[in-house]
Amino acid sequence: MAQSRKSVAQNAKLTPLEITNFKSIKHIRLETSRINIFIGKPNSGKSNLLEAMTLFNFIERGTPDRPSTIRYKSLNQLFYDTDTSKNVTVKFGDEVAKLMFDRDLNTFIQAINPNESTDAQNYSLNEPSSSIAYEFELSEHIGRPKKYKGQFASKMAMLNADGSTLSTGKGAIHIENPVRKYDFKDGHSYGENFSRYLKQHGENLYSIVRERSEIRDWIKPFFDEYGLDFLMDFNTRTFEVQRIENGIAYKIPFELTPDTLRRMLFNIAAIYSNSGSVILFEEPEAHSFPPYIKELSELIKADKHNTYFITTHSPYFFSSMVEDSITYKDICFFQVYFEDYQTKIKKLSQKELDLIWGSGVDVFFNIDSSR
């Protein structure tokens, strides 16, 4: 490779990420940047890293129609080795999220940027000893000065083992913090009337696309390539695709259009509808044609308004990012692997990236050689 990456890490603004006792992650600490790419074998723990980041919002109990952002049957499965005596902690810059279990109350407690009085390290949960009394304590402490300097909302919740919410306190803040994991799911309705940002599974995709002409302008050429017109029905709040032949209009339900196009629309909407957010993508290239993967990577690289954590199995996506990591000096690459019964993560060095790009090595066939 003719150019050097020597200045990449020096010029990029780095934010520390530390995760402790979450699923397969016993402890990791990383210096992250604007775009963070994670590669690794299946079952190495890549998904667990993304799930840990979602703890900056309340855990939601999943349903068949709307799965939770975190995979679990019981909340004790979120603790490393299911050991609930040690708190789950996620620190991202100045932001802090914790999940803990109180044996006296037989209750899980989730805290985000805790206040001085409700910090798990300083506040004894032995008194008061009942959930009713503790609910009062929650409502009393909400709104007091934060212990932590983060910008995310300070929130607490008491949770049952299945993830259902017992209490968030009378004064609890229900504003969602800007950490969003996006998972494309087939069979969802897209008509919810909410347009601030795309929801996790695209439940409000129609509202997002309708209010943002840049998304429609971006997706139109992809349908044009197939000789199709991309349409929006204001009455039913649904998408349709149309082709016209000999003066006859043939309408195709959006759900029957190529999977690649639907995924592209979903990913583009997630990017364009967020600003100042941490976007979590798990294999966004899935079921996509290589040129479209390149288009997606270009859009992510050009977006200066969000931070990205992305897992990938695509050599096309990975190579596109490595290729431009000189121009965009705030891209970091990490290898995720499973060793000693825990997830470990290693940042790929300048030398390793130069080898991958300069020699045309497929990193996914040589994934163990850099360790």
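Points to keep in mind about this one:
- Efficiency of FRET between residue 211 and residue 340 - r from beta-carbon atoms, R0 51 angstrom, step 0.05: 0.55
- Local charge for residue 312 was computed over the other residues whose Cβ lies under 12 Å away, with Lys and Arg +1 and Asp and Glu -1, and equals -2.
- Counting 0.36 nm for each residue step from residue 252 to residue 220 and taking away their Cα separation leaves a gain of 9.9 nm.
- Cβ-Cβ FRET estimate between residue 289 and residue 323, R0 fixed at 22 Å, reported to 0.05: 0.75
- Computed packing ranks the peptides 101-108, 177-184 as 177-184, 101-108, most packed first, by mean other Cβ atoms within 10 Å.
- Estimated FRET transfer efficiency when R0 is 45 angstrom, pair residue 195-residue 83 (beta carbons, to 0.05): 0.60
- Anisotropy class of region 187-273 from Cα gyration tensor, a/c 1.5 cut: prolate
- Under 5 Å, built H, 5+ apart or other chain: amide partners of residue 167: 158
- Residue order for 203, 285, fewest other beta carbons within 10 angstrom first, comes to 203, 285.
- Legend: residue pairs 23/98; 41/220; 91/344; 98/181; 98/199; 73/185, Cα-Cα distance threshold 25 Å; pairs beyond threshold, 41/220.
Only the coordinates and a few stated rules stand behind these numbers; no lab work does. Quick caveat: nothing in here was measured; it's all calculated off a predicted structure. Neighbour counts are summed over all protein chains in view; Cβ atoms, including those assigned to glycine, are modelled from backbone coordinates with ideal geometry.
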